[in-house]
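Each remark here refers to the structure printed beneath this line.
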Amino acid sequence: MTKQFIIGEVKDYFNITLGLMLYTFGFTVFLLPYEIVTGGIAGIGAIVFYATKFPVQYTFFIINAVLILAALKILGWRFLMKTIYATFMLTFLLEVAQDIVVMPDGTFYKLLGDGNDFMSLVIGCMLTGTALAIVFLNNGSTGGTDIVAAVVNKYHNISLGKVLILVDLCIINSCLFIDTFGSFDVRAQKVVFGLCTMFIECTMLDFVMNWQRQSVQFMIFSKHHNEIAEAIAKTTDHSLTILDGHGWYSGKEMKVICLLAKKNESPIIFRLIKTIDPTAFVSQSSVIGVYGEGFDQIKVRVKKKKEKETTNERYNE
């Protein structure tokens with residue numbers, strides 16, 4: 001193992017832990033006290049808890065253990081080791097957090113007071129959605145339906161939020177069939193609130209992940225293109241392309257640097273350009289998607305027959 005790999009892994013686990021702490025805070029402080037139904041395994045645990053008082057963390061742990069064993073071959077040890085870590089850590093954090101928010105009479109402390117169920121729902125789901133995104137962005141998972149979403153996302157170019165919506169619909173609608181919640185009107189209200197939690201949480205998940213993954217394209221026009229290209233390549237480890245340009249007004253030939261990078265790398269690149277050539281002309285534009293080495297993978301299936309024909313053509317050539 002290289003030093004860089006170890007540092008990267010430590011950073012991932014640290015950020016995953018922060019995400020789990022944020023999730024625990026949002027779930028136990030804003031959702032659980034108001035008996036708000038959410039999606040995911042935590043949602044199943046909450047439903048079981050509301051109906052039977054069986055601890056949320058134990059339901060969460062049991063279901064995750066089964067899903068982890070089932071997905072081991074597909075997702076690999078590296079992904080699932082972080083999922084196993086997240087499962088144990090979140091189980092521990094949920095147990096500790098519930099002990100803190102439970103009052104002496106056995107009821108949960110309501111931070112926003114009675115009657116503020118929907119406001120608590122909005123705040124809680126914004127926190128849990130952001131927390132899930134932090135965990136996913138650091139190559140981790142909280143387990144449960146996240147594992148199902150990760151399996152689908154591995155083979156198809158479908159956002160994690162959309163996959164979670166489909167799975168969570170089934171979990172939330174199950175409230176209609178649980179008599180413990182009371183009359184049908186009350187159960188229908190639980191479903192409506194659950195749908196709101198699903199929408200807010202998944203929207204926040206996709207928003208944070210897409211914000212972090214945004215890519216940009218640079219077109220850099222400069223007489224010092226060699227120095228700029230070398231500095232960018234060394235600093236960011238990005239490869240770039242030098243294009244031949246021709247100025248229409250000046251009639252002079254010039255080189256143009258074409259570069260694709262993550263949006264959060266923009267300040268570094270601009271700083272390098274300005275240091276070398278303050279008069280450089282730079283165009284920056286957002287791109288919808290960048291696929292390939294260093295960016296996202298192309299997630300479409302290619303028919304085996306087509307793959308075989310392509311291989312044979314290359315061999316014949």
Condition check for residue 283: closer than 30 Å to residue 208 by Cβ, modelled with pLDDT under 90 and out of contact with any Cys (no Cβ under 8 Å at 6 or more places or on another chain)
no
From 11, 82, residue being open to solvent by 50 Å² or more (accessible area, probe 1.4 Å) and either in contact with a Lys or Arg (Cβ under 6 Å, 6 or more places away or on another chain) or of a type in the set (D, E, K, R) (or both):
11
Is it true that residue 50 is open to solvent by 60 Å² or more (accessible area, probe 1.4 Å), in a helix (DSSP H, G or I) and touching a residue at least 12 places away in the same chain (Cβ under 8 Å)?
no
Residues that are hydroxyl-bearing (Ser, Thr, Tyr) and at pLDDT below 85, drawn from segment 30-59
38, 50, 52
Count - residues of segment 246-271 that are touching a Lys or Arg at 6+ places or on another chain (Cβ under 9 Å) and loosely packed, with under 14 Cβ neighbours inside 10 Å
1
Which count do you get for residues in segment 272-288 that are open to solvent by 70 Å² or more (accessible area, probe 1.4 Å) and small (Gly, Ala, Ser)?
1
Do we find that residue 166 is under 13 Å from the mean Cα position of the chain (by Cα), modelled with pLDDT under 80 and farther than 30 Å from residue 252 by Cβ in this structure?
no
So in segment 103-116, with the set limited to residues that are of a type in the set (A, V, I, L, M, F, W, C) and open to solvent by 60 Å² or more (accessible area, probe 1.4 Å), which one is nearest to residue 18 (Cα to Cα)?
111
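hydroxyl-bearing (Ser, Thr, Tyr) and either in contact with a Cys (Cβ under 6 Å, 6 or more places away or on another chain) or modelled with pLDDT under 85 (or both) - does that describe any residue in segment 116-127?
no
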One residue from 62, 16, 100 being under 27 Å from residue 163 (Cα atoms) and either acidic (Asp, Glu) or open to solvent by 20 Å² or more (accessible area, probe 1.4 Å) (or both):
62
Looking at 134, 123, which one is closer than 20 Å to residue 12 by Cα and open to solvent by 20 Å² or more (accessible area, probe 1.4 Å)?
134
Condition set under 19 Å from residue 171 (Cβ atoms) and among the hydroxyl-bearing types (Ser, Thr, Tyr), scope segment 19-29, selection most open to solvent (accessible area, probe 1.4 Å): answer is 23
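Quick one: in segment 13-60, of everything that is hydroxyl-bearing (Ser, Thr, Tyr) and closer than 17 Å to residue 193 by Cα, which residue is farthest from the chain's Cα centre (by Cα)?
So the residue we want is 50.
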Tell me which residues, restricted to segment 213-242, are part of a helix (DSSP H, G or I) and not aliphatic (A, V, I, L, M).
213, 225, 226, 227, 230, 234, 235, 236
Every residue from segment 209-245 that is open to solvent by 20 Å² or more (accessible area, probe 1.4 Å) and within 30 Å of residue 165 (Cα to Cα)
210, 211, 212, 213, 214
Residues within segment 30-47 that are assigned to a helix (DSSP H, G or I), open to solvent by less than 20 Å² (accessible area, probe 1.4 Å) and not aromatic (Phe, Trp, Tyr), tallied
10
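The values are calculated or read from the model by the stated rules, or taken from the named source; none is laboratory data. Owing to the predicted nature of the structure, the values given are computational and were not obtained by experimental measurement. Neighbour counts run over all protein chains shown; Cβ positions are idealised from the backbone, glycine included. The accessibility values were calculated without ligands, DNA or RNA, using every heavy atom of the protein model including side chains. Shrake-Rupley method; radii C 1.70, N 1.55, O 1.52, S 1.80 Å.
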